[in-house]
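Before any comments, here is the structure.
The values are calculated or read from the model by the stated rules, or taken from the named source; none is laboratory data. This one's a predicted model, so the numbers in the text were calculated from it and none came from an experiment. Here the Cβ positions follow ideal geometry from the backbone for every residue, glycine too, while neighbour counts run over all protein chains shown. The accessibility values were calculated without ligands, DNA or RNA, using every heavy atom of the protein model including side chains. Shrake-Rupley method; radii C 1.70, N 1.55, O 1.52, S 1.80 Å.
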Amino acid sequence: MKMNVLKGAFATTIILGLVAFTNTVEKKQVDVKESTIQWEGEKLTGSHSGTINLKDGFFLMEDGKLIGGEFTADMTSIDVTDLEGDNRKDLMGHLKSDDFFGVETHKTAKFVIKTVAKKGDVYGVSGDLTIKGNTNPIAFDLKMTENSATTNLSIDRTKYNVRYGSGSFFDNLGDKTIYDEFNLAINLKF
(Lines give C-alpha, C1' and ligand atoms only; values in the text may rest on other atoms or scores of the structure.)
Protein backbone atom coordinates (compact mmCIF):
# COMPACT_ATOMS: atom_id res chain seq x y z
CA MET A 1 0.00 0.00 0.00
CA LYS A 2 2.80 2.38 0.97
CA MET A 3 4.56 1.65 -2.36
CA ASN A 4 1.36 2.42 -4.34
CA VAL A 5 0.98 5.79 -2.56
CA LEU A 6 4.62 6.66 -3.37
CA LYS A 7 4.15 5.65 -7.02
CA GLY A 8 0.96 7.75 -7.20
CA ALA A 9 2.67 10.78 -5.65
CA PHE A 10 5.62 10.40 -8.02
CA ALA A 11 3.33 10.14 -11.07
CA THR A 12 1.36 13.21 -9.95
CA THR A 13 4.59 15.19 -9.53
CA ILE A 14 5.72 14.26 -13.04
CA ILE A 15 2.36 15.16 -14.58
CA LEU A 16 2.22 18.52 -12.78
CA GLY A 17 5.81 19.22 -13.84
CA LEU A 18 5.01 18.50 -17.47
CA VAL A 19 1.89 20.69 -17.36
CA ALA A 20 3.91 23.54 -15.85
CA PHE A 21 6.39 23.39 -18.74
CA THR A 22 3.90 23.08 -21.58
CA ASN A 23 3.39 26.83 -22.03
CA THR A 24 3.80 27.43 -25.72
CA VAL A 25 6.55 29.77 -26.80
CA GLU A 26 5.88 31.24 -30.21
CA LYS A 27 8.57 32.77 -32.41
CA LYS A 28 7.09 35.68 -34.38
CA GLN A 29 9.32 36.53 -37.34
CA VAL A 30 9.46 40.21 -38.24
CA ASP A 31 8.57 41.10 -41.83
CA VAL A 32 11.76 42.97 -42.75
CA LYS A 33 10.31 44.38 -45.98
CA GLU A 34 7.37 45.98 -44.16
CA SER A 35 9.32 47.13 -41.08
CA THR A 36 11.13 50.48 -40.85
CA ILE A 37 13.97 51.99 -38.87
CA GLN A 38 14.27 55.76 -39.23
CA TRP A 39 17.21 57.64 -37.72
CA GLU A 40 17.84 61.28 -36.93
CA GLY A 41 21.13 62.81 -35.85
CA GLU A 42 21.46 66.39 -34.70
CA LYS A 43 24.30 68.85 -34.81
CA LEU A 44 24.63 72.38 -33.55
CA THR A 45 23.45 73.84 -36.86
CA GLY A 46 20.68 71.38 -37.78
CA SER A 47 19.96 67.70 -38.27
CA HIS A 48 20.02 64.87 -40.78
CA SER A 49 17.72 61.90 -41.15
CA GLY A 50 17.49 58.64 -42.97
CA THR A 51 16.77 54.93 -42.78
CA ILE A 52 18.47 51.63 -41.95
CA ASN A 53 17.11 48.28 -43.13
CA LEU A 54 16.37 45.43 -40.79
CA LYS A 55 18.18 42.25 -41.84
CA ASP A 56 16.22 39.85 -39.63
CA GLY A 57 14.41 39.68 -36.33
CA PHE A 58 11.91 37.88 -34.18
CA PHE A 59 9.91 38.22 -30.98
CA LEU A 60 9.44 35.36 -28.52
CA MET A 61 5.91 35.24 -27.16
CA GLU A 62 4.58 33.03 -24.37
CA ASP A 63 0.83 32.82 -23.86
CA GLY A 64 0.47 35.99 -25.96
CA LYS A 65 3.00 37.99 -23.93
CA LEU A 66 6.42 39.20 -25.02
CA ILE A 67 9.30 37.36 -23.32
CA GLY A 68 12.27 37.94 -25.65
CA GLY A 69 13.58 38.58 -29.12
CA GLU A 70 16.57 39.33 -31.29
CA PHE A 71 17.05 41.79 -34.17
CA THR A 72 19.83 42.49 -36.66
CA ALA A 73 20.14 45.74 -38.63
CA ASP A 74 21.99 45.87 -41.96
CA MET A 75 24.39 48.78 -41.35
CA THR A 76 25.50 48.74 -45.01
CA SER A 77 21.99 49.96 -45.86
CA ILE A 78 22.34 53.33 -44.07
CA ASP A 79 20.55 55.86 -46.23
CA VAL A 80 20.14 59.64 -45.99
CA THR A 81 16.66 60.95 -46.81
CA ASP A 82 16.96 64.69 -46.15
CA LEU A 83 19.62 65.45 -48.80
CA GLU A 84 19.96 64.90 -52.54
CA GLY A 85 22.71 64.50 -55.09
CA ASP A 86 26.37 64.76 -54.06
CA ASN A 87 25.51 66.00 -50.54
CA ARG A 88 23.48 62.83 -49.91
CA LYS A 89 26.17 60.61 -51.40
CA ASP A 90 28.92 62.31 -49.36
CA LEU A 91 27.04 62.02 -46.04
CA MET A 92 26.12 58.37 -46.68
CA GLY A 93 29.77 57.63 -47.43
CA HIS A 94 30.90 59.41 -44.28
CA LEU A 95 28.36 57.59 -42.09
CA LYS A 96 29.54 54.25 -43.49
CA SER A 97 33.22 55.15 -42.91
CA ASP A 98 35.27 54.35 -39.80
CA ASP A 99 34.59 57.91 -38.54
CA PHE A 100 31.06 56.70 -37.82
CA PHE A 101 29.79 53.11 -38.23
CA GLY A 102 32.67 51.41 -40.10
CA VAL A 103 30.32 49.23 -42.12
CA GLU A 104 33.07 47.55 -44.13
CA THR A 105 34.14 45.79 -40.91
CA HIS A 106 30.89 46.00 -38.93
CA LYS A 107 28.15 45.14 -41.42
CA THR A 108 25.45 44.60 -38.81
CA ALA A 109 24.21 45.93 -35.49
CA LYS A 110 22.33 43.64 -33.13
CA PHE A 111 19.83 43.96 -30.29
CA VAL A 112 18.98 41.07 -27.96
CA ILE A 113 16.10 41.40 -25.48
CA LYS A 114 17.15 40.32 -21.98
CA THR A 115 14.20 41.31 -19.77
CA VAL A 116 10.63 42.40 -20.31
CA ALA A 117 8.08 43.94 -17.93
CA LYS A 118 4.52 44.68 -19.03
CA LYS A 119 3.07 48.03 -17.96
CA GLY A 120 -0.51 48.29 -19.18
CA ASP A 121 -0.41 48.10 -22.99
CA VAL A 122 3.32 48.92 -23.10
CA TYR A 123 6.31 46.68 -22.46
CA GLY A 124 9.40 47.94 -20.67
CA VAL A 125 12.21 46.25 -22.58
CA SER A 126 15.89 46.02 -21.73
CA GLY A 127 18.64 44.26 -23.56
CA ASP A 128 22.06 44.42 -25.16
CA LEU A 129 22.74 46.57 -28.21
CA THR A 130 25.88 45.90 -30.24
CA ILE A 131 27.11 48.53 -32.68
CA LYS A 132 30.58 48.57 -34.22
CA GLY A 133 31.60 45.59 -32.08
CA ASN A 134 30.72 47.34 -28.78
CA THR A 135 27.89 46.01 -26.61
CA ASN A 136 26.00 48.10 -24.05
CA PRO A 137 22.70 47.73 -22.21
CA ILE A 138 19.74 49.86 -23.27
CA ALA A 139 16.15 50.13 -22.06
CA PHE A 140 13.04 51.56 -23.70
CA ASP A 141 9.25 51.26 -23.89
CA LEU A 142 7.73 49.16 -26.67
CA LYS A 143 4.10 49.37 -27.74
CA MET A 144 2.80 46.14 -29.23
CA THR A 145 -0.35 45.25 -31.09
CA GLU A 146 -1.37 41.93 -32.63
CA ASN A 147 0.85 42.43 -35.70
CA SER A 148 3.17 45.38 -35.00
CA ALA A 149 5.55 46.87 -32.46
CA THR A 150 6.74 50.48 -32.26
CA THR A 151 9.23 52.44 -30.23
CA ASN A 152 11.22 55.65 -30.23
CA LEU A 153 14.57 55.66 -28.50
CA SER A 154 17.79 57.63 -28.19
CA ILE A 155 21.21 56.04 -28.34
CA ASP A 156 24.46 57.56 -27.11
CA ARG A 157 26.74 56.86 -30.07
CA THR A 158 29.92 57.51 -28.06
CA LYS A 159 29.32 54.29 -26.08
CA TYR A 160 29.83 52.44 -29.37
CA ASN A 161 33.07 54.18 -30.35
CA VAL A 162 31.28 56.53 -32.77
CA ARG A 163 32.91 59.75 -31.61
CA TYR A 164 33.41 61.84 -34.73
CA GLY A 165 32.50 65.48 -34.05
CA SER A 166 31.53 64.79 -30.43
CA GLY A 167 31.88 67.75 -28.09
CA SER A 168 32.38 65.23 -25.30
CA PHE A 169 35.70 64.12 -26.80
CA PHE A 170 36.96 67.00 -28.94
CA ASP A 171 37.51 70.67 -28.09
CA ASN A 172 36.94 73.74 -30.26
CA LEU A 173 34.47 72.13 -32.67
CA GLY A 174 32.25 75.21 -32.64
CA ASP A 175 29.32 74.87 -35.05
CA LYS A 176 30.75 71.52 -36.30
CA THR A 177 29.70 69.80 -33.05
CA ILE A 178 27.51 66.73 -33.55
CA TYR A 179 25.37 65.72 -30.58
CA ASP A 180 26.21 62.40 -28.94
CA GLU A 181 22.70 60.97 -29.09
CA PHE A 182 20.89 59.92 -32.22
CA ASN A 183 17.21 58.98 -32.35
CA LEU A 184 15.53 55.93 -33.81
CA ALA A 185 11.85 55.55 -34.72
CA ILE A 186 11.22 51.81 -35.16
CA ASN A 187 8.08 50.26 -36.62
CA LEU A 188 8.16 46.46 -36.82
CA LYS A 189 5.55 44.37 -38.63
CA PHE A 190 5.04 40.64 -38.13
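Residues of the stretch 95-113 that are farther than 15 Å from Asn134 by Cα and surrounded by 14 or more Cβ atoms within 10 Å (Cβ to Cβ): Leu95, Lys96, Ile113. The lone criterion from (1) surrounded by 16 or more Cβ atoms within 10 Å (Cβ to Cβ); (2) within 23 Å of Glu181 (Cβ to Cβ); (3) touching a residue at least 40 places away in the same chain (Cβ under 8 Å) left unmet by Thr72 is number (3). Filter the stretch 78-88 down to the residues that are open to solvent by 20 Å² or more (accessible area, probe 1.4 Å) and in a strand (DSSP E or B) and list them by number. Scanning the stretch 78-88 gives a single hit, Asp79.
Residue count for the stretch 168-190, restricted to those that are of a type outside the set (Phe, Trp, Tyr), surrounded by 16 or more Cβ atoms within 10 Å (Cβ to Cβ) and either touching a helix residue (DSSP H, G or I) at 6+ places or on another chain (Cβ under 8 Å) or not in a strand (DSSP E or B) (or both): 2. Counting residues in the stretch 136-154 that are touching a helix residue (DSSP H, G or I) at 6+ places or on another chain (Cβ under 8 Å) and open to solvent by 30 Å² or more (accessible area, probe 1.4 Å) gives one or more. For the condition open to solvent by 40 Å² or more (accessible area, probe 1.4 Å) and touching a Leu at 6+ places or on another chain (Cβ under 8 Å), Leu91 does not qualify.
Within the stretch 32-49, the set of residues being free of Cβ contacts under 8 Å to residues at least 60 places away in the same chain and in contact with a Leu (Cβ under 8 Å, 6 or more places away or on another chain) comprises Val32, His48. Considered as a group, the residues in the stretch 12-34 that are open to solvent by less than 70 Å² (accessible area, probe 1.4 Å) and either part of a helix (DSSP H, G or I) or modelled with pLDDT under 95 (or both) include one that is farthest from Thr151 (Cα to Cα), and that residue is Gly17. Looking only at residues of the stretch 35-69 that are assigned to a loop (DSSP other than H, G, I, E, B), closer than 29 Å to His94 by Cβ and out of contact with any Ser or Thr (no Cβ under 6 Å at 6 or more places or on another chain), we find that the one that is least open to solvent (accessible area, probe 1.4 Å) is Ser35.
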